[in-house]
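Accompanying notes for the structure given below.
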Amino acid sequence: MKISTMYPNFKPAVKFWLDGKNYSLVSDDSKKVSFMIPLASHKKGFDYYELDNVNGGVVFSLVTMLGFKTIKKSSSKIINDELPYDDWRYLIDEVMSPHLRSEEYQALKKGYAKTSTGCFGMLAVLFISFLLVIKNL
């Protein structure tokens with residue numbers, strides 16, 4: 001059974017927040033309901049408003065992606081029962097507001113993507129430092 005059938009108030013509530021934006025429904029099945037909005041600041045950037053099937057309940061998430069890289073993900077607690085329309089709107093806002101105000105999101109909105117060197121980059125820096133220390137001995 002589709003999640004949107006089990007939680008019929010979710011779609012109208014999320015559409016309240018997406019109205020007027022260039023959104024599209026990208027998934028509506030038994031595992032996920034997902035709406036996608038392209039980001040104006042990045043050609044390959046998207047926000048996904050998702051309701052995922054988890055442990056017999058659902059979790060609402062807002063995921064910002066740049067290509068295949070997740071920039072920021074914010075999620076609600078597990079919801080086990082259908083909520084009234086206004087409660088869905090409140091829950092979506094509760095997840096959405098801090099997500100959209102976050103440092104990562106604001107940087108992306110201004111055209112920047114926060115990057116990190118990751119484990120490989122840190123190992124490379126340490127290795128090069130080690131070689132320089134040995135050379136100077």
Residues whose built amide H sits under 5 Å from the amide H of Ile71, excluding neighbours closer than 5 in sequence, are Thr64, Met65, Leu66
Residue span Tyr85 to Ile134: 0.36 nm per residue of separation minus Cα-Cα distance leaves a gain in nm of 11.1 nm
For Cα extents along the principal axes in Å, the listed values are (1) 42, 29, 22; (2) 70, 33, 23; (3) 46, 27, 25; which was obtained by calculation from the structure presented? (2)
With a cap of 15 neighbouring Cβ atoms within 10 Å, and only residues DSSP puts in a loop, list the trypsin sites (Lys or Arg not before Pro) found in the range 1-104. Lys2, Lys21, Lys31, Lys43, Lys44, Lys77
Mean accessible area per residue over the range 30-73 (1.4 angstrom probe, all protein chains present, square angstrom) is 49
Candidate cut points under GluC sites (Glu not before Pro) in the range 10-117, DSSP loop plus at most 16 other Cβ atoms within 10 Å of their own Cβ, are Glu82
Let's see if you can work this out: charge +1 on each Lys and Arg Cβ, -1 on each Asp and Glu Cβ, no other charges. What is the dipole magnitude of the chain about its Cα centre, in debye to the nearest 20? 760
Can you pull the percent of the chain's accessible area that's carbon plus sulfur, 1.4 Å probe, other chains left in place? 60
Stretched fully, the stretch from Ala107 through Asp93 gains (0.36 nm per residue minus C-alpha distance, one decimal, in nm) 3.0 nm
Within the chain, what is the longest stretch that has no chymotrypsin sites (Phe, Trp or Tyr not before Pro) placed in a DSSP loop and near at most 13 other beta-carbon atoms within 10 Å? 1-67
What distance in nm separates the simple spin-label points at Lys21 and Phe127, each placed 7 Å from Cα in the Cβ direction? 4.2
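The values are calculated or read from the model by the stated rules, or taken from the named source; none is laboratory data. Just so you know, these numbers come straight off a predicted model, no measurement behind them. Using ideal geometry, Cβ is built from the backbone for each residue, glycine included, and neighbour counts are taken over all protein chains shown. Protein only, heavy atoms only, side chains kept; ligands, DNA and RNA dropped before computing areas. Shrake-Rupley method; radii C 1.70, N 1.55, O 1.52, S 1.80 Å.
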